[in-house]
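Undergrad: The structure is given below, and queries will be raised subsequently.
The values are calculated or read from the model by the stated rules, or taken from the named source; none is laboratory data. Treat the numbers as computed from the prediction; the structure is a model and nothing was measured. FYI the Cβ positions are ideal-geometry reconstructions off the backbone, even for glycines, and counts take in every protein chain you see.
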Amino acid sequence: MLEKFIFSNDIKHRLSRHLTYWIIMFIFFSLPMGIILEQLPFYIKRNLIYIIFDILIVYTLFRYIPKKKPFKFILIYFEILLINLLIKELFNRFIEPDLFSSDIEKINALNAQHSFLVVLVNDLYYATSHYFIVTLPAISIKLFKNWDFAQLNVKDLEKQSLEHKIHSLRNQLHPHFLFNTLNNLYSLAIDKSEKVPEVIIKISSILRYMLKEHNKKIVNLTEELEIIYTYIELEQLRYGDILSIEIKNEVKDIDISTIKGPPLVLFTFVENAFKHGPGKSFNKSWIKINIKFELGIFHFIVENSKEEDNFISKKENNTGLGLLNIKSTLYLFFQDQFHLDISDNLDSYKSILKINYNNENKMFNSRRRAFIH
């Protein structure tokens, strides 16, 4: 409830914030002096009029709060202060005695103990301090609100740019995958292999997933694993006995619905394992995939063998949907709730992805905030 009151931009909450501010100001200027001087009814009635002046002044100043050129606003701020002092002094001298005649007699009796100059300075001091106390907190809150929204707009633009980049990279994956698989299919067709119909079906299944699911922001683990298994079967047909694949999935059925994420990210780790493992090896190679979910943390581990001289450079790793793009995608969806560890050893390449699902309120969340204005 408190969070909505502070941050919500709903008209009801905005009005509540503004009303609360002015009630606090009214009480602050009415009760202390009214109780001390035993003139509480007078100060309540006087500040009912003063609060109207204050509201007009504050919302007038809001119109002039600049995004740039603060010196102009400072000049306007003190110009309004002088106008405010003049109006209140005229009000006190010529209008207030007629409105609150009985109360003013008691105030005049107190003022009679001092000279006209002392009374004038006291009135000006009160009006000036009143002006600063009312306007400065309101302006500070307004400036904070402007800064806060500026920060949110920057983050929104960065997020939109990142989403566009990821969308473009996903689209680039299609022709890359299609080119490789069609080459493999061509080779099988030349050899008149009986595997051609099965390969066509699997290619069709993968392309259907890419076309249908890649525009989704979130897919569940079952959907992603289904396409990964199909892709592995397709590559297994290609490499045959020279490739050993070990898949260990320890995720329980009850946890599957919890594990969600952006499409094709897990797929990319597996694709990279084939690309940098058997795809660049002249000897028998292996790929190991381990999937588990423990204490709310999802683990996706992919390891592949590689030739000792096949070092995967950072430059190569950043092409296509490489390491940096995978991190960008994961950060867009999971913020600081994931950890990615890549190790490039002499004879193997290992990717370890961990995603913390214990704090889901920090995921997939781009909450907009609004403060008093």
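Undergrad: Is there a residue in segment 236-252 that is touching a Leu at 6+ places or on another chain (Cβ under 7 Å) and closer than 25 Å to residue 307 by Cα?
TA: Yes, because at least one residue in segment 236-252 is touching a Leu at 6+ places or on another chain (Cβ under 7 Å) and closer than 25 Å to residue 307 by Cα.
Undergrad: With respect to the numbered conditions (1) among the aliphatic types (A, V, I, L, M); (2) surrounded by 11 or more Cβ atoms within 10 Å (Cβ to Cβ); (3) modelled with pLDDT of 75 or more; (4) more than 16 Å from residue 269 (Cα to Cα), which one is the sole condition not fulfilled by residue 188?
TA: Checking residue 188 against (1) among the aliphatic types (A, V, I, L, M); (2) surrounded by 11 or more Cβ atoms within 10 Å (Cβ to Cβ); (3) modelled with pLDDT of 75 or more; (4) more than 16 Å from residue 269 (Cα to Cα), the one that fails is (3).
Undergrad: Which residue, of 256, 289, is of a type in the set (A, V, I, L, M, F, W, C), surrounded by 13 or more Cβ atoms within 10 Å (Cβ to Cβ), in contact with a strand residue (DSSP E or B) (Cβ under 8 Å, 6 or more places away or on another chain) and over 12 Å from residue 222 (Cα atoms)?
TA: 289
Yes/no matrix, rows are residues, columns are (1) in a helix (DSSP H, G or I); (2) closer than 16 Å to residue 43 by Cα; (3) among the acidic types (Asp, Glu):
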residue	(1), (2), (3)
88	yes, yes, no
98	yes, yes, yes
105	yes, yes, yes
118	yes, no, no
134	yes, no, no
143	yes, no, no
146	yes, no, no
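Undergrad: Continuing with the same structure: Please count how many residues of segment 78-111 are acidic (Asp, Glu) and over 51 Å from the mean Cα position of the chain (by Cα). Show your work before the answer.
TA: Taking segment 78-111 first, the residues acidic (Asp, Glu) are 79, 89, 96, 98, 103, 105.
Subset that is over 51 Å from the mean Cα position of the chain (by Cα): 96, 98, 103, 105.
Residues in segment 78-111 being acidic (Asp, Glu) and over 51 Å from the mean Cα position of the chain (by Cα): 4 in total.
Undergrad: Could I ask something else about it? Considering every residue within segment 198-217, establish whether at least one is surrounded by 14 or more Cβ atoms within 10 Å (Cβ to Cβ), touching an Asp or Glu at 6+ places or on another chain (Cβ under 9 Å) and outside any helix (DSSP H, G or I).
TA: No - not one qualifying residue is present in segment 198-217.
Undergrad: Looking at segment 52-65, is at least one residue assigned by TED's automatic domain parsing to the domain that holds residue 143 and over 30 Å from residue 150 (Cβ atoms)?
TA: Quick first cut of segment 52-65, residues assigned by TED's automatic domain parsing to the domain that holds residue 143 only: 52-65.
Now narrow it down to the ones that are over 30 Å from residue 150 (Cβ atoms): 52-53.
Checking segment 52-65: at least one residue is assigned by TED's automatic domain parsing to the domain that holds residue 143 and over 30 Å from residue 150 (Cβ atoms).
Undergrad: Quick one: residue 240 ticks every box in (1) small (Gly, Ala, Ser); (2) at pLDDT 90 or above; (3) exposed (fewer than 13 other Cβ atoms within 10 Å of the Cβ) bar one, so which box is it?
TA: All conditions are met except number (2).
Undergrad: State all residues of segment 38-58 that are closer than 13 Å to residue 23 by Cβ and either touching a helix residue (DSSP H, G or I) at 6+ places or on another chain (Cβ under 6 Å) or buried (at least 18 other Cβ atoms within 10 Å of the Cβ) (or both); if no residue qualifies, say none.
TA: Scanning segment 38-58 gives 44, 47, 51, 54.
Undergrad: Scan segment 219-226 and tell me whether some residue there is over 19 Å from residue 353 (Cβ atoms) and out of contact with any Leu (no Cβ under 7 Å at 6 or more places or on another chain).
TA: No, the conditions are met nowhere in segment 219-226.
Undergrad: Further question on the same structure: Considering only residues of segment 69-104 that are crowded, with 16+ Cβ neighbours inside 10 Å and among the polar types (S, T, N, Q), which is nearest to residue 56 (Cα to Cα)?
TA: 84
Undergrad: Here's something else I'd like to know. Quick one: which residue in 199, 251, 270, 265 is in contact (Cβ under 8 Å) with a residue 24 or more places away in the chain, of a type outside the set (D, E, K, R), at negative phi and touching a Lys or Arg at 6+ places or on another chain (Cβ under 7 Å)?
TA: Of the residues listed, the single one that is in contact (Cβ under 8 Å) with a residue 24 or more places away in the chain, of a type outside the set (D, E, K, R), at negative phi and touching a Lys or Arg at 6+ places or on another chain (Cβ under 7 Å) is 251.
Undergrad: Within segment 248-287, track down each residue that is in a strand (DSSP E or B) and either farther than 15 Å from residue 301 by Cα or more than 36 Å from the chain's Cα centre (by Cα) (or both).
TA: Filtering segment 248-287 down to residues in a strand (DSSP E or B) leaves 248-249, 260-261, 285-287.
Within segment 248-287, 260, 261, 285, 286, 287 meet the criteria.
Undergrad: Across segment 21-40, what is the total count of residues that are aliphatic (A, V, I, L, M) and either closer than 20 Å to residue 122 by Cβ or over 44 Å from the mean Cα position of the chain (by Cα) (or both)?
TA: Final tally of qualifying residues: 6.
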